[in-house]
Amino acid sequence: MKLYEVFIRSRRGLDHKHTGSLLADSPEQALEYARDIYTRRSEGVSIWVVSSADIIASQETDCESFYDPHDDKPYRHAAHYQLPDEVNSM
Amino acid sequence: MSEEEILFQQRIDAELKVEPKDWMPEKYRQNLIRQISQHAHSEVIGMQPEGNWITRAPTLHRKSILLAKIQDEGGHGLYLYSAAETLGISREELVQALHSGAAKYASIFNYPALTWADMGAIGWLVDGAAIVNQISLQRTSYGPYARSMVRICKEESFHQRQGYHIMMVLMQGSQEQQAMAQDALDRFWWPSLMMFGPHDAESANSTQSMKWKIKRKSNDELRQKFIDQSVKQAEVIGLKIPDPALKWNKAREHYDFGKIDWDEFARVIKGDGPCNRQRLQHHIRTHNEGAWVRDAVAAYEAKHKKQPTRAA
Ligand SMILES: [Fe+2]
Ligand SMILES: [Fe+2]
């Protein structure tokens, strides 16, 4: 059996959200198991299952190369620009 | 109407989003592809007038800001192309339609960016107008489009503010700098109003788009909202909006404004704006020059298909 990650869309219009994992023999089976395990109380309107091995993930230790450069770019944030009060809601 | 179409419309009327694997009328799909791809092309073509000023930004700080903004716009293009692709069209087809002229992009980007103040006017007015439109599209009926709008709106907030900040600083400067800011406003004001498209009565795609809730607010409603918010913003920093007919209407609780030059709008849409040819040619040239990257990706993919790295 293989590990699958389960994503559920709780309502139309929302993103699928990671809900948990499960073991299954095939993607089809994983989908059925996901229904039984994760959606017993109408948790959603759509389920995605993805083989865990197919997920390419960044590592905590890679943090620097992924996120560090952003700390010295405060100008990417709206609050960096000080505007007169009357128009500050822009 | 078929049973499927009736169910589809009921779902729309109930404010439920349409998701990629749902059944949808072919015309809904086509309408969305047209609108989302036009939006994506606008994000990408819109990088050109601003790109023109990267090497000439007055300070390193302004240059960093401009680079960050343009990078965001490229990202917005990618979100939107991907959203369009969920409707079963390929990137190649989308780009091809842009190059052949079958697909349009916002006509505002066919105007040149002549001075540094134009970077201010574009951020403040062009991004400002885009935000007004995009806020309403956060509620569009197609899920992937709505979600990309939410992401984009979050990122847009700094675009308008940095533009306004440029204008504000110029207005605190010398007479020459103030005149430069006013000139940029004079040139960008009317084309910004045209960004919302023709008046409702003349808008060909509007009725069906509203019924399908692809569009949530009419062109005229959005334009009015933009005008109302801009008047105050101009006033606060001492800029004058170039419209002698602009006047607060107490009864309507909106500003009345002058006539938009729809002949100019039609001319620019048709291809006769100041920069249409240049914008498209530049896109075609860089797209062709990037062919080796796409070839390399395809070669890499083919190589890995032959010798899979992971057991299936
Ligand atoms: Fe954008
Ligand atoms: Fe923007």
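Given the rule -39500 (n - 2.57) for each run of at least 4 DSSP H residues, summed and divided by the residues of chain B, what is its mean residue ellipticity at 222 nm, to the nearest 500 deg cm²/dmol?
So the helix-based figure for chain B works out to -20500 deg cm²/dmol.
Specify the angular offset, from 0 to 90 degrees and rounded to the nearest 10, of the alpha carbon long axis of helix B:291-306 from the longest principal axis of the alpha carbons in chain B. Once rounded, one gets 30 degrees. With both labels modelled 7 Å from their Cα along Cα-to-Cβ, the B:Asp220 to A:Glu32 distance reads 5.8 nm. Remark: mean inter-chain Cβ contacts per residue of A:80-87 equal 6, using a 10 Å Cβ-Cβ cutoff to other protein chain atoms. Taking a ≥ b ≥ c as the square roots of the eigenvalues of the alpha-carbon gyration tensor, segment B:59-117 is classed oblate because a/c is 1.5 or more while a/b is no larger than b/c. Across chain B, the relative contact order, built from alpha-carbon pairs under 8 Å that are at least six residues apart, equals 19 percent.
Name the GluC sites (Glu not before Pro) in segment B:1-84 that are in a loop by DSSP and that have at most 12 other C-beta atoms within 10 Å, would you?
B:Glu15
Compare A:Glu43, A:Glu60, A:Glu28 in a GNM of chain A, Cα atoms joined below 10 Å, and give the one with the largest fluctuation. Most flexible of the set in this elastic network: A:Glu60.
Note on B:Lys247: lysines with a C-alpha under 30 Å away, same-chain residues under 8 apart excluded, are B:Lys215, B:Lys217, B:Lys225, B:Lys232, B:Lys259. Over the C-alpha trace of segment A:1-54, radius of gyration and Dmax come out as 10.4, 33 angstrom. Over every Cα atom in segment B:173-306, the radius of gyration and the widest Cα-Cα span, Dmax, amount to 21.8, 72 Å. Taking a ≥ b ≥ c as the square roots of the eigenvalues of the Cα gyration tensor, an a/c ratio of 1.5 or more together with a/b no larger than b/c marks chain A as oblate.
Can you classify chain B as rounded, prolate or oblate using the Cα gyration tensor, where a ≥ b ≥ c are the square roots of its eigenvalues, rounded means a/c under 1.5, and otherwise it's prolate if a/b beats b/c and oblate if not? Oblate is the answer for chain B, as a/c is 1.5 or above yet b/c matches or exceeds a/b.
Once both labels are positioned 7 Å from their Cα atoms along Cα-to-Cβ, the gap between A:Gln82 and A:Glu64 label points is 3.4 nm. Each label point was placed 7 Å from the Cα along the Cα-to-Cβ direction; for B:Lys247 and B:Val169 their separation is 3.9 nm.
Peptide A:44-53 is shielded by partner chain Cβ atoms: per residue, an average of 1 of them sit within 10 Å of its Cβ.
Here, each number is a calculation from the coordinates, and none is a lab measurement. Predicted, not measured: the structure shown is a model, and the values here were computed from it. Here Cβ is always computed from backbone atoms with ideal geometry, including for glycine, and neighbour counts include all displayed protein chains.
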